[in-house]
Amino acid sequence: MTTFSDRVERISISGIREVFEAAGADAINLGLGQPDFPTPEHAKRAAIDAIEAGDTDGYTGNKGTLELREAIADKHARDQGVEVDPGDVIATAGGSEALHLAMEAHVDHGQEVLIPDPGFVAYDALTKLAGGEPVPVPLREDLTIDPAAIEGAITDDTAAFVVNSPGNPTGTVSSEEDVREFARIAREHDVLCISDEVYEHFVFDGDHHSPIEYERDNVVVVNAASKAYSMTGWRLGWVTGASDRIERMLRVHQYVQACASAPAQYAAEAALSGPQSVVDEMHAAYERRRDLVVEGLADAGLDCPTPQGAFYAMPRVPEGFVDECIERGVVVVPGEAFGEHGAGHARISYATGEDDLEAALAIMAEAAEAVR
Ligand code: PLP
């Protein structure tokens, strides 16, 4: 008899894939959360050199190479102005594994994890895999995460809450005031704040802030080279937090992963410590496209809170809009793929070239007109 765990039976294959499969091969795909730039040359070169020198033939330390963790600590000093001990960093298989470790190490059976709704699909699934109960917390009308709603949803069973700025699928950015509130809530209620910052370098209006600037004990930060350096295929992320939390996460990581891929560690070290102008170039391109999308959606009569970061926009859309777009050869993702409160919205990824984007916006305007 084949039996499966209750935990795995509670999750399913992401609905986003189905959307891709429904679209034709020559559809313009605005469904992917994947940068369309190449990995920086110096990062690739560092991996190739390390492979040729034989430096990648064996396991690295469980936490990752010291040099990579020092580069990550330098990044936190540079960008957040916080001192992170390289010993309090674990290099992971992408931001995804970092989220997984945070859940496994902190969530007990039946405990609640507050997640943004709409929010990145892994928060719900990884909470369930850890045996916990995801509690969706609706966003504000402008699709930003609402600290008051998080605070109001905390119960004696709350193990953690997840924040994500810039956000997927919304593209919205939390204000410094809200980020300070996340930190205060984590401290005062003694619950863990898991801050997913994989889009931190793509903020167009204002600045990125992290709760670890204001609270250290009850915040873990999840980050990755994936989006910042266009390295999704390398699978390299990291998690940082207080030493006792890192030690518990390491217990999980050593058995599920042993260590992050060694070539990817060398590439990420070079990306983090090399010239950051590559990030500036992507930032400029995404910002131009963001403006194009905002203008195109307004012209199409679709109401969209201005996305200030990442590479997503999430307009309100009329019923039937997503199917109509797919029929006309443009893939966008229905908002309900990201949670109940995503209904009535669609996620548009603009990690795609400007020509395709302009063509897609024209088609979206026709689709909106057809279903209105
Ligand atoms: N967090 C968010 C908000 C994401 O959008 C993604 C990927 O789309 C991840 C984490 C996972 O990133 P990685 O590819 O580094 O595992």
Next item on the list: Give the residue that is nearest to the ligand (Cβ to nearest atom), with candidates limited to residues of segment 229-242 that are under 15 Å from residue 97 (Cα atoms) and surrounded by fewer than 24 Cβ atoms within 10 Å (Cβ to Cβ).
Entry: 232
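Among the residues of segment 251-264, is there at least one that is assigned to a loop (DSSP other than H, G, I, E, B), aliphatic (A, V, I, L, M), over 23 Å from residue 310 (Cα atoms) and at pLDDT 95 or above? Steps first, answer last, please.
Step one: list which residues in segment 251-264 are assigned to a loop (DSSP other than H, G, I, E, B), which gives 257-261.
So of that shortlist, the ones also aliphatic (A, V, I, L, M) come out as 258, 260.
Going one step further and asking which of them are over 23 Å from residue 310 (Cα atoms), we end up with 258, 260.
Filter again for at pLDDT 95 or above, leaving 258, 260.
Yes: segment 251-264 contains one or more residues that are assigned to a loop (DSSP other than H, G, I, E, B), aliphatic (A, V, I, L, M), over 23 Å from residue 310 (Cα atoms) and at pLDDT 95 or above.
Out of all the residues in segment 66-76, is one or more assigned to a loop (DSSP other than H, G, I, E, B), out of contact with any Pro (no Cβ under 8 Å at 6 or more places or on another chain) and either surrounded by fewer than 15 Cβ atoms within 10 Å (Cβ to Cβ) or on the phi < 0 side of the Ramachandran plot (or both)? Don't jump to the end; show me each part of the working.
As a first pass, look at segment 66-76 and keep what is assigned to a loop (DSSP other than H, G, I, E, B): none.
No, there is no match, as no residue in segment 66-76 is assigned to a loop (DSSP other than H, G, I, E, B), out of contact with any Pro (no Cβ under 8 Å at 6 or more places or on another chain) and either surrounded by fewer than 15 Cβ atoms within 10 Å (Cβ to Cβ) or on the phi < 0 side of the Ramachandran plot (or both).
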Note to self: Yes or no: segment 288-306 includes at least one residue that is within 16 Å of the ligand (Cβ to nearest atom), in contact with a strand residue (DSSP E or B) (Cβ under 9 Å, 6 or more places away or on another chain) and assigned to a helix (DSSP H, G or I).
What the structure shows: no
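Would you check if there is a residue in segment 54-74 being within 16 Å of the ligand (Cβ to nearest atom) and within 17 Å of residue 331 (Cβ to Cβ)?
Taking segment 54-74 and keeping what is within 16 Å of the ligand (Cβ to nearest atom), we get 64, 68, 72.
Within this subset, residues satisfying the condition of being within 17 Å of residue 331 (Cβ to Cβ) are none.
No: zero hits.
Which ones in segment 199-213 are assigned to a loop (DSSP other than H, G, I, E, B) and within 16 Å of the ligand (Cβ to nearest atom)?
At the first step, the residues of segment 199-213 found to be assigned to a loop (DSSP other than H, G, I, E, B) are 199-202, 204-210.
Answer for segment 199-213, where residues must be assigned to a loop (DSSP other than H, G, I, E, B) and within 16 Å of the ligand (Cβ to nearest atom): 199, 200, 201, 202, 208, 210.
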Next item on the list: Tell me, please, whether a residue that is touching a Lys or Arg at 6+ places or on another chain (Cβ under 6 Å) and more than 20 Å from residue 337 (Cβ to Cβ) can be found in segment 100-121.
Entry: yes
Item checked: Filtered residue count, segment 214-233, keeping only those that are part of a helix (DSSP H, G or I) and touching a strand residue (DSSP E or B) at 6+ places or on another chain (Cβ under 9 Å) -> 3
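Going by the structure shown, is residue 348 under 19 Å from residue 26 (Cβ atoms), among the hydrophobic types (A, V, I, L, M, F, W, C), in a strand (DSSP E or B) and in the same structural domain as residue 20 (by TED's automatic domain parsing)? Give the derivation first.
Working: under 19 Å from residue 26 (Cβ atoms): yes; among the hydrophobic types (A, V, I, L, M, F, W, C): yes; in a strand (DSSP E or B): yes; in the same structural domain as residue 20 (by TED's automatic domain parsing): yes.
Yes; evaluated as a whole, the condition is true for this residue.
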Item checked: Count of residues meeting criterion [surrounded by fewer than 17 Cβ atoms within 10 Å (Cβ to Cβ) and touching a Gly at 6+ places or on another chain (Cβ under 6 Å)] in segment 278-308 -> 0
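To keep it simple, each residue is scored yes or no on (1) touching a residue at least 24 places away in the same chain (Cβ under 8 Å); (2) surrounded by fewer than 20 Cβ atoms within 10 Å (Cβ to Cβ); (3) within 16 Å of the ligand (Cβ to nearest atom).
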| residue | (1), (2), (3) |
| --- | --- |
| 83 | no, yes, no |
| 87 | yes, yes, no |
| 99 | yes, no, yes |
| 115 | yes, no, yes |
| 131 | yes, yes, no |
Next item on the list: Inspect segment 4-24 for any residue being touching a Leu at 6+ places or on another chain (Cβ under 6 Å) and either in contact (Cβ under 8 Å) with a residue 60 or more places away in the chain or crowded, with 16+ Cβ neighbours inside 10 Å (or both) and give the result as yes or no.
Entry: yes
Check: In the list 226, 175, 165, which residue meets the criterion of being touching a His at 6+ places or on another chain (Cβ under 9 Å) and within 16 Å of the ligand (Cβ to nearest atom)?
Finding: 165
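The values are calculated or read from the model by the stated rules, or taken from the named source; none is laboratory data. From a predicted model like this one, the values you see are computed outputs, not experimental measurements. A quick note on method: Cβ atoms are made from the backbone with ideal geometry, for glycine too, and the neighbour counts reach across all protein chains shown.
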